[in-house]
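Below is one structure, written out as structure tokens; the observations come after it.
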């Protein structure tokens, strides 16, 4: 049977600590050549007047440990706007966002599930892996920029990875950051303090997370405390056939870092994202300073140099993230009897002993 799962049915099925451990295992497999993911590809097609572009997003990955292959697809609208002086990507209107989960031993389609709830979870769990391995073990103060779904998931991840005592939160709209604090306070042990500027959130923090949709820097690298670990989730991507130079981090942040951790090198080489891409192109940064997250956690990369070192994790999307979260959620939903079942025969082509091309 193929299990159909909607966003609201998946909430709370898997804990963030579990996902962080699973994601760590998956990226270790990727570093060892035991997991696989092709480059992400996207279609941007200009439209008027409802949105700047029609957007199709495709990414997938296979993780051997979970015997799973997942394909994530999105059919949506996307536009660029200027808000509070920052360039942002917005996704207006209804959309289709799906994850197709396959069993690599039987080729069967195990599940079709919405991607909206799971996407922030997989990004945050990857950030949690980086925080666990690259931030100082005694990190207790978090500076969080953003108050949306990604920020919510990243707060959970940071608190799961480190014993965070205080989280300072800033986003441009006061109402949004105050609502964020009210809703998230019962979910974490850390005290959540709303602050009036990005600078107040960043200064003095051991871990700094930019979880926004901004395509312009949301912090000044000069604000960073020595020894801090910085996470960013926005980078450049194809925008109407051109390379977007958007980035949540400024050049100073990258230049101050002793190491920069990325999801995988092929993506950065192809997209040259944001300020990181510009610095690599100009030669101000070299690849000797950059490592993949799988290398960082498997002993093949560059550990934190010392307590005073600044580390940066540019947390890009990766197909294997969906294989991890989708398989865990599928197992939990199946055990609890959650979801709607469809017969395999709707999706499976049976050919018995015949040998012919798919």
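Read the figures in this text as sums done on the coordinates, not as results from a lab. Small disclaimer: the values here were computed from a predicted structure and weren't measured. Methodologically, a virtual Cβ is constructed for each residue, glycine included, from the backbone with ideal geometry; neighbour enumeration extends over all protein chains shown.
A few points about this structure:
- Contour minus Cα-Cα distance for residue 341 and residue 305 (0.36 nm per residue): 7.9 nm
- Measuring nothing but how far apart in sequence close Cα pairs (under 8 Å, 6+ apart) lie, relative to its length, the chain scores a relative contact order of 22 percent.
- P(r) of segment 153-205 over all Cα-Cα pairs, binned every 5 Å from zero, in whole percent: 4, 21, 31, 27, 15, 2
- Here residue 56 and residue 15 are evaluated by their C-beta separation; at R0 = 30 Å the FRET efficiency comes out at 0.40.
- Mean residue ellipticity, 222 nm, helices only, the chain: the sum of -39500 (n - 2.57) across DSSP H runs of n ≥ 4, divided by residue count and rounded to 500, is -9000 deg cm²/dmol.
- Global geometry of segment 1-157, whether rounded, prolate or oblate, following the gyration tensor of its Cα atoms and the 1.5 cut on a/c: oblate
- Ordering of 63-72, 5-14, 149-158 by burial proxy (mean other Cβ atoms within 10 Å per residue, highest first): 149-158, 63-72, 5-14
- Between 98, 249, 145, the GNM of the chain built on Cα springs shorter than 10 angstrom shows 98 fluctuating the most.
- Gyration tensor verdict on segment 89-133 (Cα atoms; rounded if a/c is under 1.5, prolate if a/b is larger than b/c, oblate otherwise): oblate
- Both numbers refer to the Cα atoms of segment 96-180; Rg and Dmax are 16.4, 51 Å.
- Square roots of 5 times each gyration tensor eigenvalue, C-alpha, segment 135-314, largest first, Å: 26, 19, 14
- Linear extension gain, residue 222 paired with residue 81, 0.36 nm per residue minus alpha-carbon span: 48.1 nm
- Candidates 92, 343, 49, ranked by Gaussian network fluctuation over the chain, Cα under 10 Å, top entry: 49
- 0 to 90° range, to nearest 10: angle between helix 118-134 axis and the chain longest Cα axis: 50 degrees
- Relative to the dominant Cα principal axis of the chain, helix 319-336 is inclined by about 60°.
- Between the Cα long axis of helix 174-184 and the first principal axis of the chain there is an angle of about 60°, rounded to the nearest 10.
- The fraction of all Cα pairs in the chain landing in successive 20 Å bins from 0 to the largest distance is 30, 60, 10, 0, given as whole percents.
- FRET efficiency, 1/(1 + (r/R0)^6) with R0 45 Å, evaluated for residue 48 and residue 193 via beta carbons: 0.55
- Simple spin-label estimate for residue 176 and residue 116 in nanometres, 7 Å along Cα-Cβ: 1.7 nm
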